[in-house]
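Here the structure is laid out as structure tokens; the discussion comes afterwards.
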Amino acid sequence: MNFTPVGRYLLVEPIEIKAKKNKTAKVLLPDSYNTKNTPRFKMCRVVKAGPDCNSQIAANTLAVIETPMVEKVEVLDNIFFIILENHVVGLVEE
């Protein structure tokens with residue numbers, strides 16, 4: 001299934017980067033404490049850009065985005081990730 005963003009939306013593919021292991025101290029926390037540590041920014045690959053987007057953000061561009069602003073769209077058992085263009089904080093060159 002193809003998904004084409006409209007307006008200023010970008011269709012993105014999140015990239016998972018494994019963090020380097022650092023030596024840390026162990027701390028005991030209550031079971032109710034949320035241990036999921038979500039980074040503020042993440043990298044993704046732009047799949048498609050909406051027609052009103054900046055021409056700098058083309059398909060296959062690596063972009064750094066604000067993690068909480070990514071929206072998950074489910075259509076007929078397919079999952080797509082979109083983000084508004086203004087939540088891209090930078091572009092990365094390989």
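The values are calculated or read from the model by the stated rules, or taken from the named source; none is laboratory data. Quantities reported herein were computed from a predicted structural model and do not represent experimental measurements. In case anyone asks, the SASA skips ligands and DNA or RNA and just uses the protein heavy atoms, side chains included. Shrake-Rupley method; radii C 1.70, N 1.55, O 1.52, S 1.80 Å.
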Report residue 8's accessible area, 1.4 Å probe, all protein chains in place, as a number in Å² to the nearest 10.
110 Å²
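At 0.36 nm per residue, and after removing the present C-alpha to C-alpha distance, how many nm does the segment from residue 74 to residue 16 gain when stretched out fully? Can you show the working numbers first?
Working: separation 58, 0.36 × 58 = 20.88 nm, distance 2.02 nm.
Difference between extended and current length: 18.9 nm.
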